[in-house]
Amino acid sequence: YLTMGNAQNEKHSAAYDGFNRILGKLYDGTLGKLNHWYEHNLAFFLKHRLDLVVGLFIATILTFGIAGQRVKISPDDEDDDAQFRIQVEVGPEISYDDIKDYFSAAEAVVEANKNDFFLDGYLMVNYRGGGRLEGWLVDDLPKGETPKTIAKRVAEALPKRAGFELFYGEEDTTDEKQTLSTFPVMLQGEDAQELEVVGNQIKDIILRVPGVIGLQKGEDKAPNELALVIDRDRLSAANVNPQTLAGVVGYALRGRSLPKYNDEGREVPVRLRFEEEDREQLNDLSSFYVPTQDGDLTTVGALTDSKMLSTPSGISRRNKKVTYRMTFELEKDNKEVQATLAHFISNYNLPEGMSFSEDAGRRSDEDVQNMLKAALLSILFIYLLMGFLFESFVLPLSILLTIPLAIIGVLWSHIIAGRDLDMLGMVGMILLVGVVVNNGIVLIDYVHRLRDEGSDRTSALLLAARRRFRPIVMTALTTIIGMIPLTVSKTSTIGLSYKSFGLTLIGGMTTATILTLLVVPVFYTLFDDLRNFVVGFIVRYIKKTKGSGPVLGEVSRAQ
């Protein structure tokens with residue numbers, strides 16, 4: 001049995017060794033050749049450093065020039081949405097049966113054109129006051145089709161009936177940011193009803209501008225109210241106190257509470273009210289008597305006029321001013337429409353006492369600036385840490401070059417994918433700051449060790465590039481491959497997409513890794529020469545002014 005066990009172990013060992021040889025040949029035929037190619041090119045660029053610097057400068061200029069036209073910073077990318085919503089709002093004069101008939105007709109239209117609208121499913125809900133249509137789109141939309149363009153086509157195909165108003169999505173009144181595909185307008189004044197009248201006039205004009213898809217749904221409309229409007233001249237002529245008139249109307253409608261009745265220790269609430277048949281009709285209320293201050297009597301109808309008034313559902317104030325907000329849906333990334341609407345708003349002649357709020361036109365600059373500040377702080381902390389560990393504040397500058405190298409990859413990955421950089425992508429860029437410098441640290445740290453052992457600078461750089469190639473590539477590949485499932489995943493049910501985040505890490509790690517083994521060693525030599533030149537200049541200057549002494553050692557230790 002022992003002999004058979006040893007033979008089996010030797011067989012397994014031979015199979016294991018054979019598998020390792022296959023992997024070794026596979027590595028030598030792929031990454032091994034790439035390693036030799038890097039070492040050869042590094043030796044060339046160490047002798048032609050200016051060529052690499054010029055080439056990197058041109059690549060950077062071209063990247064940012066192209067990216068400035070194609071890649072934009074957006075809070076979210078509408079292409080990630082897998083659904084759309086159309087809100088339907090009706091006036092108070094529309095009955096519930098009419099609403100049900102409208103949605104039945106709308107459902108027939110959507111069902112007949114389900115394939116043309118690329119719908120995977122849809123939901124229709126109707127209730128008193130309106131309803132909504134939600135559509136879920138298929139996974140692979142044709143090129144040029146977005147949830148917004150499909151929602152526009154669906155809305156145009158729905159039945160057109162008087163009293164039915166369609167809205168695209170729902171307005172977020174707490175969000176002051178203007179995105180690439182929305183245009184908010186906010187009026188400020190003193191009277192809510194006047195603001196609504198002027199807002200409706202502006203709305204009718206903007207909705208006719210080409211490129212404006214529609215209006216987002218704001219707050220629900222309040223039902224019309226029957227109001228008794230006081231005629232001040234008649235009130236004054238009859239010598240009636242307004243509070244007396246208001247009290248009579250209040251008593252007529254809701255009565256008056258009396259002290260509670262105590263029945264054997266049990267308190268019973270008591271309210272004095274008119275009979276219901278005496279207060280059912282408006283004419284009944286108008287015939288109620290109102291005492292004058294002269295002791296005579298007059299009627300409610302003699303002092304008031306009954307009118308139907310449309311009142312706002314709520315009054316919103318910002319900076320102690322009444323505001324009225326509208327948010328318009330635009331075609332994606334339509335700068336011309338944005339500029340046209342901005343010009344229209346800036347030149348619109350508002351009534352006295354009204355103005356446009358500047359907050360409504362504010363883009364997401366604050367978030368972008370906060371992200372940039374966080375990135376700069378991250379770079380500063382990393383630089384100080386590397387300066388402490390390397391005992392030099394000059395040489396770590398070559399490692400910091402991996403950050404712009406990563407940004408080149410971030411931009412090109414979004415250009416190739418045809419996507420904008422959203423806020424999660426910005427978070428990924430901050431994460432890259434701490435990740436991509438690892439490759440440079442691994443390389444330069446090994447160079448320092450080799451130079452401390454007596455190797456010259458060029459030999460140390462070439463040997464470090466050869467020996468640290470595998471761990472650098474392994475670190476990058478694990479990150480890149482790990483991000484692929486996240487990048488190709490679907491948008492979450494709450495509309496959160498990680499595509500830009502994944503593209504940021506994949507593109508940034510790819511270019512940073514590819515260029516680190518060439519750019520970082522070359523710039524390491526440039527900064528090393530700069531340091532030696534500055535130190536030599538200081539030493540010569542001190543020797544010239546103070547004479548010879550133990551100055552060189554002190555300067556060397558101060559590096």
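Overview of values
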| item | result |
| --- | --- |
| Lone unmet requirement of (1) surrounded by 11 or more Cβ atoms within 10 Å (Cβ to Cβ); (2) at pLDDT below 85 for Phe19 | (1) |
| Residue selected from segment 245-270 under the condition surrounded by 13 or more Cβ atoms within 10 Å (Cβ to Cβ) and not aliphatic (A, V, I, L, M), by the criterion nearest to Asp284 (Cα to Cα) | Tyr251 |
| Residues satisfying the stated conditions in segment 388-410, i.e. touching a Phe, Trp or Tyr at 6+ places or on another chain (Cβ under 7 Å) and among the hydrophobic types (A, V, I, L, M, F, W, C) | Val394, Leu395, Leu397, Leu400, Leu401 |
| Among (1) over 38 Å from the mean Cα position of the chain (by Cα); (2) modelled with pLDDT under 80, the one test that Ile73 misses | (1) |
| Residues of segment 494-547 satisfying the condition of being surrounded by fewer than 16 Cβ atoms within 10 Å (Cβ to Cβ), outside any helix (DSSP H, G or I) and not hydrophobic (A, V, I, L, M, F, W, C) | Gly495, Gly547 |
| Every residue from segment 83-104 that is of a type in the set (Gly, Ala, Ser) and surrounded by fewer than 14 Cβ atoms within 10 Å (Cβ to Cβ) | Ser95, Ser104 |
| Candidate set from segment 376-409 (those that are among the polar types (S, T, N, Q) and closer than 17 Å to Tyr524 by Cα); member that is surrounded by the fewest Cβ atoms within 10 Å (Cβ to Cβ) | Ser392 |
| Filter result (at negative phi and out of contact with any Phe, Trp or Tyr (no Cβ under 8 Å at 6 or more places or on another chain)) within segment 446-459 | Tyr446, Arg449, Leu450, Arg451, Asp452, Glu453, Ser455, Asp456, Arg457, Thr458, Ser459 |
| Segment 249-262 residues that are closer than 18 Å to Tyr289 by Cβ, paired with ones that are open to solvent by 100 Å² or more (accessible area, probe 1.4 Å) and hydrophobic (A, V, I, L, M, F, W, C) (beta carbon under 8 Å, 6 or more apart) | Gly255/Leu272; Arg256/Leu272 |
| Scope segment 168-191; condition farther than 26 Å from Arg70 by Cα and either among the β-branched types (Val, Ile, Thr) or modelled with pLDDT of 80 or more (or both); matching residues | Thr173, Thr174, Val185, Met186, Leu187, Gln188, Gly189, Glu190, Asp191 |
| Candidate set: segment 203-236, residues that are farther than 30 Å from Pro184 by Cβ and loosely packed, with under 13 Cβ neighbours inside 10 Å; chosen: the one modelled with the lowest pLDDT | Leu226 |
| Residue check, Gly199 surrounded by 12 or more Cβ atoms within 10 Å (Cβ to Cβ), in a helix (DSSP H, G or I) and within 50 Å of the chain's Cα centre (by Cα) | yes |
| Residue that is farthest from Pro242 (Cα to Cα), among those in segment 279-298 that are open to solvent by 40 Å² or more (accessible area, probe 1.4 Å) and in contact with a strand residue (DSSP E or B) (Cβ under 8 Å, 6 or more places away or on another chain) | Leu282 |
| Criterion: at pLDDT 85 or above, under 20 Å from Asp231 (Cα atoms) and not hydroxyl-bearing (Ser, Thr, Tyr) - qualifying residue of Val248, Val290, Val300 | Val290 |
| Pairs, first open to solvent by less than 80 Å² (accessible area, probe 1.4 Å) and part of a helix (DSSP H, G or I) in segment 466-478, second of a type in the set (Phe, Trp, Tyr) and at pLDDT 85 or above, C-beta under 9 Å, six or more apart | Phe469/Tyr38 |
| Residue ranges of strands (runs of 3 or more DSSP E) in segment 260-306 with at least 1 members basic (Lys, Arg) | 266-272 |
| Residues within segment 445-465 that are open to solvent by 60 Å² or more (accessible area, probe 1.4 Å) and not charged (D, E, K, R), tallied | 2 |
| Cross-chain or 6+ apart pairs with Cβ under 7 Å, segment 81-93 first and within 14 Å of Leu119 (Cβ to Cβ), then open to solvent by 20 Å² or more (accessible area, probe 1.4 Å) and of a type in the set (A, V, I, L, M, F, W, C) | Ala82/Trp136; Gln83/Trp136; Ile86/Leu166 |
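The values are calculated or read from the model by the stated rules, or taken from the named source; none is laboratory data. These figures come from a predicted structure and were not determined experimentally. Don't worry about glycine lacking a Cβ; one is built from the backbone with ideal geometry, like all the others, and counts go over all protein chains shown. What goes into the accessible areas is simple: the full protein's heavy atoms, side chains included, and nothing from ligands, DNA or RNA. Shrake-Rupley method; radii C 1.70, N 1.55, O 1.52, S 1.80 Å.
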